[in-house]
Amino acid sequence: MRVPIGQGVIELHQGDITDEATDAIVNAANSQLAGGGGVDGAIHRRGGNAIMAETDARYPEGCPTGSAVISGAGDLPARYVIHAVGPVWSGGGRGEAALLADAYRRCLELAVDHECRSIAFPSLSTGAYRYPIDQAARVALRTVIDFLHELDRPLQVRFVLFDQGAYGAYAAALEEM
Ligand code: ADP
């Protein structure tokens with residue numbers, strides 16, 4: 001699925017984010033930038049040790065929830081990895097939606113600051129962090145749509161959804177919007 005927005009475009013794609021040759025790919029990181037399972041495990045496994053060495057050196061304090069930091073991409077096909085920290089779901093009453101939107105926005109800002117023309121996101125917070133995917137999809141897409149409407153240059157934003165369920169949730173949310 002592909003929807004032009006302003007000078008940009010949103011694409012939905014089913015696959016593995018570590019295969020993406022976009023300028024930047026986004027990691028679903030934790031606030032210690034300590035490595036983990038899911039997307040994080042796949043990125044460090046395929047990208048090699050250089051990524052963690054760089055984040056340890058540049059961001060020794062880690063990264064707060066709702067924000068993101070950037071590094072090189074080691075052996076991955078992308079140029080940059082943007083390490084985003086989404087919220088852990090705890091029922092929705094703890095500002096999760098705002099924190100999730102902040103994390104997406106910060107990634108987009110970092111991509112633009114680094115002159116990226118394309119960025120690939122996984123579905124932040126919907127794995128180990130248990131954010132309900134239908135709600136997460138709406139927050140993610142709304143944030144990207146608003147950002148692209150305001151942006152004065154082209155940017156390709158691709159959501160790389162790991163399985164058919166995730167793809168379906170994002171496709172349904174995008175159609176609704
Ligand atoms: P979080 O801790 O933010 O919830 P996870 O990495 O556990 O992050 O999961 C986020 C989402 O990414 C989940 O929907 C999961 O199915 C998906 N996912 C896991 N591995 C990959 C991958 N290699 N590429 C794309 N998506 C992935």
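The values are calculated or read from the model by the stated rules, or taken from the named source; none is laboratory data. From a predicted model like this one, the values you see are computed outputs, not experimental measurements. Note: ideal-geometry Cβ built from the backbone for every residue, glycine included; neighbour counts use all protein chains shown. When the accessible area is computed, the model is the full protein with side chains, heavy atoms only, and any ligands, DNA or RNA have been set aside. Shrake-Rupley method; radii C 1.70, N 1.55, O 1.52, S 1.80 Å.
Condition first: away from the ligand (no atom under 16 Å from the Cβ) and not in a loop (DSSP other than H, G, I, E, B). Now tell me which residues in segment 145-171 satisfy that.
Keep residues of segment 145-171 that are away from the ligand (no atom under 16 Å from the Cβ), which gives 145-156.
Correct list: I145, D146, F147, L148, H149, E150, Q156.
Beta carbons closer than 9 Å, at least 6 apart along the sequence or on distinct chains, pair a first residue in segment 69-88 that is without any contact (Cβ under 8 Å) to a residue 40 or more places away in the chain and over 18 Å from G36 (Cα atoms) with a second that is away from the ligand (no atom under 15 Å from the Cβ) and of a type in the set (D, E, K, R) for G72/E54; G72/R79. Of the residues making up segment 64-97, those that are more than 19 Å from C116 (Cα to Cα) and open to solvent by less than 20 Å² (accessible area, probe 1.4 Å) are G66, V85, G86, P87, E96.
Pairs meeting the criteria (first residue in segment 128-153 and on the phi > 0 side of the Ramachandran plot, second residue in a helix (DSSP H, G or I) and open to solvent by less than 10 Å² (accessible area, probe 1.4 Å), beta carbons under 8 Å, at least 6 apart or on different chains) are lacking.
If I ask for residues that are part of a helix (DSSP H, G or I) and crowded, with 19+ Cβ neighbours inside 10 Å, which ones from segment 1-42 would you list? Please lay out each step first, then the result.
As a first pass, look at segment 1-42 and keep what is part of a helix (DSSP H, G or I): 17-19, 38-42.
Listed by number, the residues that qualify are I17, T18, V39, D40, A42.
When V88, V112 are checked against the criterion of being in a helix (DSSP H, G or I), hydrophobic (A, V, I, L, M, F, W, C) and either in contact with a Lys or Arg (Cβ under 9 Å, 6 or more places away or on another chain) or over 18 Å from G6 (Cα atoms) (or both), V112 stands alone in meeting it. Screening L100 against (1) under 25 Å from Q135 (Cα atoms); (2) surrounded by fewer than 22 Cβ atoms within 10 Å (Cβ to Cβ) leaves a single unmet condition, (2).
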